[in-house]
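The values are calculated or read from the model by the stated rules, or taken from the named source; none is laboratory data. From a predicted model like this one, the values you see are computed outputs, not experimental measurements. Cβ: placed from backbone, ideal geometry, glycine included. Neighbour counts: every protein chain shown.
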C-alpha cells in the first residue's frame, strides 16, 4: 500500500497539526507519521494509476485513459455547442495526461447589489461554448454553426475565468466521508484567526440527496460521475444519462439537437470509462523534503496556513481496496471560505450552491509543483503571488507570511512546491 491503511477507521477524517493522525473516540487508535506517509508515496509518477490495483482495475484505468485522450467528433455526440477543444486531454495535459493546463473556462452572470446571483441560463449561461459542430441530422439544421457560437451577453456584469484543474488523486477525495467535512467545519469554529470554513451542501445529481460538495472551485459537485458528466456537457456538448438535455447557445434552442446523435449522446457504460480513469488516478508524487523545505513546513504550520490547507485526511469505506480507509495528504479541507471583499478580486464572484460570490474552496496544494500558474485563474503565478490574493478568512495568515523574511518566504514556497 502506498499510503497508510487505517484498519476500521472508515468514517473519520483527521488532520496533522503536528506529526500524527489521531482517531476520535469510538474508533481504533491510529498514529501515522507524516514521514511514513511521504515515504509511502515515493516511486509514483504523475499520471500513474493507484498502486496495487488488481489487473481488472488496471484494465479499467487504461480503457478510461484511452477514451479520455481520444479526439471526439460528431459520431460521439460532440455538441452543436461546445468549448472548441474536442478532447479531455487537451485541457488536462500538464505535466502529463490527467494534469492541468493554462486553458481557462469563461463563466459569466449578473451579480445584483443585494448579493444575489443570476447565472443567466436563458442567455446561455453560466459558461461559454464558443464553437460547434453539425452532425448529419435533419434539413432544419444549418450547414455550420456561426463563429463565435456564443459570447458573453451584454447584461452580464461578472466575467470569471477558471483554469483547468489537475485530476490526480480525485478518487481519494470522492471517498472522504460526508461526516469528515461536517466535522472539519465545526472544528474550524474554534480557530482564533477567524477561519470559518463552510460545507457547501448541494444536491447530489446521482441520488437527488443534499450532500457536502467537494469538487470544483466552489465545492459544488459531490461525485466523480457528476463531475465527469458536467464536463462532458459544458466542455464537449455531450449529453449523458445524468444530464440528457443539450446546452442552448445564447439561450437559443432551435439548433441544439443538430449534433447528429439522439440524446443522451453517451450512455452510462461509456461515461463510466471516464469516471474509472479519474477515480483510479494516483495522487501527485511529492518531492523529497530538503532542509529548507522542512523549515518551510514548520513556518507553514506556524503562520496558520494549515487551518484551511489541512495536510491529511482519511477516506471512508470503498469497494476499491486502494481507496478503502486510507490516509492521504491533499492540503485542503475542501470547504468554502470567505476570501474577502470583492474589490480584492480573489473570488470569481459567481454563486454555486451555498457558496456565494466571495466564497471559494480551499485549493488542494498537492502537486503544486506541476502547475505553472497558481490560483484558480492563474493570476498568482508563484507561491508568494498566490498568497497575495488571499484575503478575508485568510488575511491573518497572509499578513504573517508577508512579515516573514525573504528567506523564510522562500522556504515556505519550497515546501509547498514539494507537496
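Values as computed for the structure displayed
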| item | result |
| --- | --- |
| Residue 95 surrounded by 17 or more Cβ atoms within 10 Å (Cβ to Cβ), modelled with pLDDT of 90 or more and over 30 Å from residue 285 (Cβ atoms) | no |
| Count of region 383-419 residues which are closer than 21 Å to residue 105 by Cα and in contact with a helix residue (DSSP H, G or I) (Cβ under 8 Å, 6 or more places away or on another chain) | 1 |
| Residue match in region 99-111 (condition: buried (at least 18 other Cβ atoms within 10 Å of the Cβ), out of contact with any strand residue (DSSP E or B) (no Cβ under 8 Å at 6 or more places or on another chain) and modelled with pLDDT of 90 or more) | yes |
| Residue count for region 317-343, restricted to those that are assigned to a loop (DSSP other than H, G, I, E, B), surrounded by 20 or more Cβ atoms within 10 Å (Cβ to Cβ) and either at negative phi or not assigned by TED's automatic domain parsing to the domain that holds residue 193 (or both) | 6 |
| Selected residue [within 17 Å of residue 72 (Cβ to Cβ), touching a helix residue (DSSP H, G or I) at 6+ places or on another chain (Cβ under 9 Å) and in contact (Cβ under 8 Å) with a residue 12 or more places away in the chain] from 239, 290 | 239 |
| Within region 374-384, considering residues that are over 20 Å from residue 218 (Cβ atoms) and surrounded by fewer than 19 Cβ atoms within 10 Å (Cβ to Cβ), the one farthest from the chain's Cα centre (by Cα) | 384 |
| Odd one out for residue 219, checked against (1) crowded, with 24+ Cβ neighbours inside 10 Å; (2) part of a helix (DSSP H, G or I); (3) touching a strand residue (DSSP E or B) at 6+ places or on another chain (Cβ under 9 Å) | (2) |
| Which numbered condition residue 304 fails, given (1) under 30 Å from residue 409 (Cβ atoms); (2) crowded, with 23+ Cβ neighbours inside 10 Å; (3) at pLDDT 95 or above | (2) |
| Of all residues making up region 68-123, the number that are under 17 Å from residue 274 (Cα atoms) and free of Cβ contacts under 8 Å to residues at least 12 places away in the same chain | 1 |
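So that you can scan it fast, the table gives a plain yes or no per residue for (1) buried (at least 20 other Cβ atoms within 10 Å of the Cβ); (2) in contact with a helix residue (DSSP H, G or I) (Cβ under 6 Å, 6 or more places away or on another chain):
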site	(1), (2)
232	yes, no
235	yes, no
243	no, yes
247	yes, no
253	no, no
264	yes, no
267	no, no
